[in-house]
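Here's the structure, in structure tokens; my notes come after.
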Amino acid sequence: MATQLRPIVTLPWGDLIGAPLIAMIEAEALAAQTSRDFIASVGFVPDKDGNEDTFGKLKTVTFTYQKQDVNGKTITDRISIPLLSLIPIPLLQIKDASLEFNLAVVDTQKINRNLDFKSSSSFFRKEQTGLVGMITGSSKGSEDTKTSFDMKVKINLVQSDIPMGLQKLFMIMDNAVQGSNLVNGKSR
């Protein structure tokens, strides 16, 4: 008996192919927002005025330690280091992704595109013929009806390069590292 394909839903091919791509773009945008929130909450004391446009004051970690001076005398030093310079900042991006699914053409349709720019290229013509399809896949139902469709997604995440603005923040934090000698618990 021949396998009968039971469509769950038919959509334009652009939607079938575009939806997972858009989902990956939205995931990267969410990851960027999460990184921003992490930097703001871990690295800064919030602005007292509640102004969300400024991060506030840089959080620092201060500690003391003992060392020998040039004369061999033990002295106590104190150092303050920006907290963000001590911990990894979660900056993730999709390095590569592969999508694997089978599409079946079930119809064609005229597509009217509302373009915001002018182009003489025929690629950007306002009316095109589009393909309507559905994802096909492995049989999960009875032998004569497919009721489940598969999409294999493989995404490789990597730590993002440090954005230029964050590099500048690290340089400023490097200059914000403060050290001082202590005598009887007080800075000299």
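No lab work stands behind these numbers, since they all come straight from the coordinates. No experiment lies behind these values; they were computed from the predicted model shown. With ideal geometry, Cβ positions are generated from the backbone for all residues, glycine too; neighbour counts draw on all protein chains shown.
Quick notes
- In summary, region 21-83 shows an alpha-carbon radius of gyration equal to 1.88 times the 2.2 N^0.38 Å reference for compact globular proteins.
- Met164-Asp69 FRET efficiency (beta carbon distance; Förster radius 30 Å; 0.05 resolution): 0.15
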